[in-house]
Amino acid sequence: MPDGLEDNSNWNAILQWSLRFQDTPNPDRQLTPFDEERRQFLSDALRSAVVADPAREMHTHVALLKNTDSSEEECLYALEALAFHAEDIDQANDLYLIGGLQVCCAYLKHTNTELQNAACEVIASAVQNNEKVAMFVTDSDVLNILLKLVEGEKEVRVKSLYAVSCLVRGNNDALEKFNELEGYNVIVRALQSDITKLQTKALFMVSSICASYPKQSELYCTMGITEQLFVVLGSGDVSGPSTLHALSLLLSISHDCPDAVFPKDARDVLLELRTRLDTVAQAEEVNICETLLQRWPDPRRDSVER
């Protein structure tokens with residue numbers, strides 16, 4: 001057992017919990033999945049037991065990152081460990097207060113793409129639901145650096161966009177800075193990428209933004225995003241997340257932008273998509289597709305009724 005863990009009270013809590021659920025072996029017993037309460041308890045207890053002193057650990061990792069004699073493998077391990085710590089809001093705040101987040105951000109400019117990706121992961125973990133850390137990233141040059149990475153080396157584009165998305169979604173101040181930096185152009189270009197994961201994250205980000213801030217739909221409409229959405233819907237794997245994100249975004253735009261211009265074959269694309277969705281039983285996508293089809297009535301039916 002690692003040093004210091006033998007006295008950790010959480011190990012006793014885990015032992016007591018496991019003993020409480022033991023009983024006499026029964027060959028007819030039906031195994032059932034953990035309920036959420038039991039799963040959360042065990043997860044929290046194990047995490048607390050393994051990381052006895054997160055503040056000290058973070059200090060150690062930050063010191064390693066600042067040491068010019070550290071190897072790239074050591075730095076990668078430190079960044080990955082800090083990304084884990086940053087998932088906890090209190091630990092993310094501590095990381096910022098000790099200057100560790102600033103050190104991690106410096107690795108965005110490293111020549112090693114693995115280290116750049118790991119730095120993006122730290123930022124993505126730290127900014128979510130964390131106003132203090134998000135403010136630092138917004139007010140510094142970090143967002144600008146991330147946007148440049150989205151259009152940089154192929155290996156870093158997805159992770160950097162993920163970090164941008166985590167910062168901007170649901171954060172009005174970050175969204176304003178994002179627009180000030182013309183980040184919307186970066187995202188629209190990401191939508192046109194042949195990198196599936198990049199396109200998917202871009203769709204999710206824009207869909208979330210437009211759902212939270214309806215006026216943003218008008219901005220993306222003026223950039224011709226509707227044409228791109230129908231390109232996505234007319235191709236690709238309908239069982240993947242891109243279809244749902246594209247449909248959700250199209251629904252927001254059709255609701256918030258009455259003057260939006262759509263392709264002439266919009267209804268045909270949706271009908272063909274509806275047929276493909278039936279083969280994979282995607283209920284949510286089907287419902288959105290049906291709603292959108294009601295907004296593009298069949299012109300042949302209209303002429304018959306007249």
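Going by the alpha-carbon gyration tensor, a ≥ b ≥ c the square roots of its eigenvalues, is the range 109-247 rounded (a/c under 1.5) or, if a/c is not under 1.5, prolate (a/b greater than b/c) versus oblate?
Since a/c reaches 1.5 but b/c is at least a/b, the shape of the range 109-247 is classed as oblate.
Taking a ≥ b ≥ c as the square roots of the eigenvalues of the Cα gyration tensor of the range 178-306, is the shape rounded (a/c under 1.5), prolate (a/b larger than b/c) or oblate?
oblate
Quick one: if you stick a label point 7 Å off each Cα along the C-beta vector at SER71 and GLU155, how many nm between them?
Between SER71 and GLU155, the label points sit 1.7 nm apart.
What value does the range 78-147 have for Rg/Rh, both radii from Cα atoms and Rh as Kirkwood defines it?
On the way: Rg = 10.7 Å, Rh = 11.6 Å.
My calculation of the ratio gives 0.92.
Using a cut-off of 24 Å between alpha-carbon atoms, which lysines can reach LYS197, once sequence neighbours fewer than 8 places away in the same chain are excluded?
LYS109, LYS148, LYS154, LYS159
Can you run the Rg to Rh ratio on the range 187-226? Use alpha carbon positions and the Kirkwood inverse-distance Rh. If you can, show how the numbers build up before the last one.
Working: Rg = 10.0 Å, Rh = 10.3 Å.
Answer for the range 187-226: 0.98.
Bear in mind these aren't lab numbers, they're just calculated from the coordinates by the rules spelled out. On a predicted model such as this, the values are computed, not experimentally measured, just so you know. In this analysis, Cβ positions are derived from the backbone assuming ideal geometry, glycine residues included, and neighbour counts consider all displayed protein chains.
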